[in-house]
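Scroll down for the structure; my scribbles are underneath it.
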Amino acid sequence: MYLTFWGVRGSYPVPGAATVRYGGHTSCVELRSDRGKCLVIDAGTGLRGLGKKLAQEFRKPDGATYNLILSHVHWDHIQGLPFFEPAYIGDTKIVVHAPRAAAKELRQVIGGITRHEFFPVDLDAVPADFEFHEVVPGSAFEIDEFTVLPIGLNHPFGAVGYRVDADGSSMAYVSDTAPFDRMLHKQHFTAGIEEPSDEDREILKTMRANLVESLREVDTVIYDTHFTSEEYEQFPHWGHSTPEHALQICQEAGVRQLVLYHHAPAHDDDMMDRIAEKFGLLGKEANVVVCVAKEKMTLTMGEVTNPGIVA
Amino acid sequence: MKVRFWGVRGSCATPGGRYLRYGGNTTAIEVRAASGHRILIDLGTGVTELAKELMAAEFGQGRGELPVLLTHTHVDHIQGLPFFTPLFIRGNSIRIMGRELEGASLKEVLQDQLNGHYSPLYGLENLAAGLEVQTLRAGSSWPAEGFEVKTQLAPHGSTSVVACRITADGKSVVIMTDVEHAPEGISSELTELARDCDLLVHDAMFSDSEYTLRAGWGHSSISSAIAAAHAVGAKRLALFHHSPDSSDDRLDMLVQDAAEASSVPLFAAQEGHDVTV
Ligand SMILES: [Zn+2]
Ligand SMILES: [Zn+2]
Ligand SMILES: [Zn+2]
């Protein structure tokens, strides 16, 4: 199994000279099995580039099916969807797996970003067929050779992470999430930290334990590390973690490699270099390999035999 | 009068090394009068850069005032709104003006952009600054202190956008983005709006060959931008709303060819550049 980053940024895309090396597109990861089956994780602006690549790849005459698993539907994780080229090719099926997070209908919420006031082409009007599947934390499902386990996370309105097993190896995507100590994110606006009730604390404890259990011995974990610890002190209610928190979780779970991800828009390339260096060293002490996600970077989980492309 | 392009890209932002000179942020244009008044046109990702400048001045202390004219609500023209930091400072007064819509109100559409599914802001009411959303009739003059702002509806595929003429210091800039004129050319109403302007900022998303495949999509070819500039007697033309597929090198080539074909002096709008009108 191997993966390629198409978008590593959080919140909004950041063009310009300061993000050329690490990349400015929002969340999107291409996951491939050894024989080339593709699973897309999140549909931020990075999805446009991936879609161009997929559209160029060989397609069987009876059309292709693309599977997308979404962590949640904040703009930075779905705004690439209207620019996904396969959506404009007939005989194509696009299956979107996402947490419902109290939405009445997934199609209505995700399709809502193409209401005519936002985008000229409605999701229902594109040549490809869209199918929506609700994922539920704790209920694993199969897509091709991938076994996908959704994991509940702590983020405004709700989000899920995913553990994916295939080809005898594993990876996990843990974004977006706040740490599990200060507050439990619910489905309303918070202008500042909201003291957790005793019940909230119990939920947070269970959520954290469940995350660590789900990540047990995973090869590579991609983790929301939007904030430095100083920034987190200022914005603990925004729903994002720090590299310190991520490293702690990965160390407890016995993860081999942690990839820092969902970089804050203000973190320029030089700052990401410093973060990479600092946490590379701290990772060594914790016995976890730490690296920083970069656009177009490819990582291999386990031994990839005969990497190929299957449509 | 000065015009600053904070975002010149259409459809979606284009990070990366191939877009550094013209810029990758989606549409945002600031117009400043000698009196110090400013007006902002559109809220694409370019406003996140403008926000840094505003926050270093009176907007950082909650004493800023800013009128914003929205040409329309396609995402590339509003996606910077939730990240426009002056909106998070109590005391700032920000007024969004847009045209009346059919079916939903402008406020409802912006409210939906910030709904809890899509945004941790959960709605416009949670922006600390005062945000006023004002719906006006295109075809009339819109209020913005220090400027005269005339508007007109312009065709954009199956919908319409607001084109505007902003006048101050005896000079006029006309902004006509996301437009596709009828095959016979720019309408008489839009010609009237833009007549003899000092600078015409015009949609030029497609090269002429791309346009043949995308007629009806609601955007202009470079040639139709030139034809519009010529028809209205514009003194200068800024090609705007660049395609996300146009890298710096490609735009250089397109602009060079366009300049040779045009009787109106032209340039391609560049992010971060001030144009004195
Ligand atoms: Zn995010
Ligand atoms: Zn989020
Ligand atoms: Zn546009």
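All of the numbers you see were taken from the coordinates with simple rules; none came from a lab. Nothing here was measured: the structure is a model prediction, and the numbers come from that model. Cβ: placed from backbone, ideal geometry, glycine included. Neighbour counts: every protein chain shown.
Amide H of residue B:99 versus every other amide H placed in the peptide plane: which residues, excluding those fewer than 5 positions away on the same chain, fall under 5 Å?
For residue B:99, whose amide H was placed from the backbone, the distant partners under 5 Å are B:136.
Between A:76, A:167, A:181, where does the largest GNM mean-square fluctuation fall for chain A, given springs only between Cα atoms within less than 10 Å?
Of A:76, A:167, A:181, the most mobile in the Gaussian network model is A:181.
Please compute the contact order of the range B:2-270 in relative form: average sequence separation of alpha-carbon pairs under 8 Å and at least six residues apart, divided by the residue count, as a percent.
On the way: 628 pairs, mean separation 42.3, N = 269.
Value for the range B:2-270: 16 percent.
Let me know the number of lysine pairs in chain A closer than 20 Å at the Cα, not counting same-chain pairs under 8 apart.
Total qualifying Lys-Lys pairs in chain A comes to 16.
Run the numbers on chain A and let me know its relative contact order in percent, using alpha-carbon pairs under 8 Å that are six or more apart.
Values: 741 pairs, mean separation 64.2, N = 311.
The value is 21 percent.
Can you give the Rg and Dmax of the range B:50-107 based on its C-alpha atoms, in angstrom?
12.6, 39
Fewest Cβ neighbours within 10 Å first, please rank A:185, A:263 accordingly.
Details: A:185 23, A:263 29.
Listing A:185, A:263 from fewest to most nearby Cβ atoms yields A:185, A:263.
Taking the Cα centre of the range B:2-270 as origin, sum charge times position over the Cβ atoms of Lys and Arg (+1) and Asp and Glu (-1), and report the length of that vector in debye to the nearest 20.
640
For the range B:32-65 and the range B:115-186, what is the centre-to-centre distance using only Cα atoms, to the nearest Å?
Here the two parts' Cα centres lie 17 Å apart.
Arrange the following residues from fewest to most other Cβ atoms within 10 Å of their Cβ: B:63, A:48.
Working: B:63 12, A:48 25.
Going from sparsest to densest Cβ surroundings: B:63, A:48.
Work from the charge dipole of chain A (Cβ charges, +1 for Lys and Arg, -1 for Asp and Glu, about the Cα centre) and give the residue of A:203, A:41, A:92 farthest towards its positive end.
Positive-most Cα among the choices belongs to A:92.
Counting DSSP beta bridges with both partners in the range B:2-270, what percentage is antiparallel, nearest 5?
45
Express as a percent, rounded to the nearest 5, the fraction of DSSP beta bridges in chain A (both residues included) that run antiparallel. Provide the component values of the computation, followed by the final result.
Working: 27 of 58 bridges.
Rounded to the nearest five, the antiparallel share is 45 percent.
Only bridges whose two residues both fall in the protein assembly as shown count here: according to DSSP, what percent of them are antiparallel, nearest 5? Please list the in-between numbers first.
Working: 56 of 116 bridges.
Around 50 percent antiparallel, to the nearest 5.
List the lysines whose Cα lies under 26 Å from the Cα of residue B:150, skipping any in the same chain that are fewer than 8 positions away.
Answer for residue B:150, where 26 Å is the Cα cut-off: B:2, B:107, B:171, B:235, listed by chain and number.
Please say if the range A:73-153 is rounded, prolate or oblate, where rounded means a/c under 1.5 for a ≥ b ≥ c the square roots of the C-alpha gyration tensor eigenvalues, and otherwise the choice is prolate for a/b larger than b/c and oblate otherwise?
Values: a/c = 2.28, a/b = 1.41, b/c = 1.62.
It is oblate, given that a/c is not under 1.5 and a/b is not larger than b/c.
So what is the relative contact order for the range A:1-158, in percent, with contacts set as C-alpha pairs under 8 Å and at least six apart? Don't jump to the answer; show the numbers that get you there.
Values: 312 pairs, mean separation 27.6, N = 158.
RCO, the range A:1-158: 17 percent.
Label the range B:20-122 by shape, choosing from rounded, prolate and oblate, from the square roots a ≥ b ≥ c of the eigenvalues of the Cα gyration tensor; if a/c is under 1.5 it is rounded, and otherwise prolate applies when a/b is larger than b/c, oblate when it is not. Present the calculation step by step, with values, prior to reporting the outcome.
Values: a/c = 1.44, a/b = 1.33, b/c = 1.08.
Cα axes put the range B:20-122 in the rounded bin.
If the elastic network links every pair of Cα atoms under 10 Å, which of B:110, B:87, B:190 fluctuates the most in the Gaussian network model of chain B?
B:110
Could you tell me whether the protein assembly as shown comes out rounded, prolate or oblate from its Cα gyration tensor? Rule is a ≥ b ≥ c as square roots of the eigenvalues, rounded for a/c under 1.5, then prolate if a/b exceeds b/c, otherwise oblate.
Prolate, because a/c is 1.5 or more and a/b exceeds b/c.
May I ask you to list the GluC sites (Glu not before Pro) in the range B:64-149 that are in a DSSP loop and have at most 12 other Cβ atoms within 10 Å of their Cβ?
On the way: sites: B:65, B:100, B:102, B:108, B:125, B:132, B:145, B:148; in loops: B:100, B:102, B:145.
Hits after loop and neighbour filter: B:100, B:102, B:145.
Sort A:301, A:171, B:55 so that the residue with the fewest other Cβ atoms within 10 Å of its own Cβ comes first and the one with the most comes last.
Numbers: A:301 23, A:171 27, B:55 18.
If I rank by nearby Cβ atoms, fewest first, I get B:55, A:301, A:171.
Mind checking the mean number of beta-carbon atoms from other chains within 10 Å of the Cβ atoms in B:12-22?
Details: counts 9, 11, 7, 17, 10, 4, 1, 4, 4, 1, 0.
Mean shielding by partner chains, rounded to a whole number: 6.
Relative to the Cα centre, what is the charge dipole magnitude of the range A:1-129, using +1 at the beta carbon of each Lys and Arg, -1 at the beta carbon of each Asp and Glu, and rounding to the nearest 20 debye? Can you show the working numbers first?
Values: 15 positive and 13 negative charges, 67 e Å.
Charge dipole, the range A:1-129, about its Cα centre: 320 debye, nearest 20.
Would you look at the GNM of chain A, springs on alpha carbons closer than 10 Å, and say which of A:194, A:217, A:244 moves the most?
Residue with maximal mean-square fluctuation among A:194, A:217, A:244: A:194.
To the nearest 20 debye, what charge dipole does chain A have about its Cα centre, counting +1 at the Cβ of each Lys and Arg and -1 at the Cβ of each Asp and Glu? Can you show the working numbers first?
Details: 28 positive and 45 negative charges, 124 e Å.
For chain A, the charge dipole is close to 600 debye.
Place +1 on the Cβ of every Lys and Arg and -1 on the Cβ of every Asp and Glu in chain B, take the dipole about the Cα centre, and give the residue among B:59, B:122, B:244 whose Cα lies farthest towards its positive end.
B:59
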